[in-house]
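Notes follow once the structure below has been shown.
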Amino acid sequence: MELMRTWIALALGGLLSLGGAGQGCVLLIVGEGVEGRYIAGVPDVSQPPPNPLGFPSVENWSGPLAAASAIAFLEKTVGGWPRGVSGNLAPDALSAYLGYFMATNGVGSPDRINAALRLPGTILEDLVVGIREFARWDPVHRFRTPPPPLLNKAGFDAEVVLIEGSGVAPERYRAALGRGSPPLVVLRYWNPLDSGQARWLTAAGYRVHVRFYTWGPEIRSSAESSLGPVGVPREVWDPARRIGHVVVGEGYLVGDPDGAGPLPNTLWLLVRDTWGATAEHVAIPWGEVLGLVLLGPAQ
């Protein structure tokens, strides 16, 4: 089998980060047969998260965890929203509060759709509105009490944009990445097949080990996952009800990463997943996208 091609990654534009060197920088990935973009510094968090609010279950938690990861990244790299909105919580602990405002698994805010349906997982619209409400939550904007005890956090009128249906296009995903904002990608299901192929990307002091996956058969529960039980949390998905698996986009590649090898010549999503069974940096072909959630301007 032909060895995967070597890539060189170059810094694109200015440094967006106010924190560590390179964090928040948009990297240009170029090489024989491929090109793309990558945002350095998006946190990697896995299920199960801590449960400081005492939910009956923190299964099906990809939505709150992915949103917490994206918010934690933006909090360190941009001004205004969402600076200070996390209450200084780490992403995994922050996900509990987001899960409340999203009514994940039907438990939490009484104003969410799933508060009545009580379905496992997070409904797409609840995910979007839950982020907005959590961002605005402060001593003046308490919503329906009693929510969890109020954090010492900033409150913002956050711009959270939902794209679904015919509007879901790779161009919207790539445009968000180009602005340095990691999109949330809601997938119809999650059954990645490990291709056995991986490569290091290097740039600006970073070495990023990307592992390539392809799509396995469509499933409705992680219990049917091709990856086996270790590191696979319990999740169920129902695209008809707009409940899917949520990941954080951290980049993309276009092209054929292994030449004459078995991997396709296509658009590859680079994502942070919330399963311990998948690699820290996942590359998987574009597809099975139910919706995109953009945290920031929608241009």
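Determine if the stretch 92-113 includes at least one residue that is out of contact with any helix residue (DSSP H, G or I) (no Cβ under 9 Å at 6 or more places or on another chain), crowded, with 16+ Cβ neighbours inside 10 Å and either in contact (Cβ under 8 Å) with a residue 60 or more places away in the chain or in a helix (DSSP H, G or I) (or both). No, that holds for no residue.
Go through the stretch 196-299 and tell me which strands (runs of 3 or more DSSP E), entirely inside it, have 2 or more residues that are in contact (Cβ under 8 Å) with a residue 12 or more places away in the chain and among the hydroxyl-bearing types (Ser, Thr, Tyr). Before the answer, list the steps.
Working: elements: 206-215, 245-255, 266-272, 281-285, 289-295.
It comes to 206-215.
Using the structure shown, decide if Leu127 is in contact with a Ser or Thr (Cβ under 9 Å, 6 or more places away or on another chain), surrounded by 14 or more Cβ atoms within 10 Å (Cβ to Cβ) and not small (Gly, Ala, Ser). Spelling it out, Leu127 is indeed in contact with a Ser or Thr (Cβ under 9 Å, 6 or more places away or on another chain), surrounded by 14 or more Cβ atoms within 10 Å (Cβ to Cβ) and not small (Gly, Ala, Ser).
Can you tell me which residues in the stretch 205-230 are charged (D, E, K, R) and under 18 Å from the mean Cα position of the chain (by Cα)? Quick ask: steps written out before the conclusion?
Step one: of the stretch 205-230, the residues charged (D, E, K, R) are 207, 211, 218, 220, 224.
Correct list: Arg211 only.
Residue check: Gly155 meets all listed conditions (1) closer than 22 Å to Gly54 by Cβ; (2) in contact with a His (Cβ under 9 Å, 6 or more places away or on another chain) but one, namely (1). Is it true that some residue in the stretch 152-168 is assigned by TED's automatic domain parsing to the domain that holds Tyr189, in a loop (DSSP other than H, G, I, E, B) and β-branched (Val, Ile, Thr)? Yes.
The values are calculated or read from the model by the stated rules, or taken from the named source; none is laboratory data. Here the structure is a predicted model, which is why all the values come from computation and not from measurement. Virtual Cβ from ideal backbone geometry, glycine too; neighbours counted across all protein chains shown.
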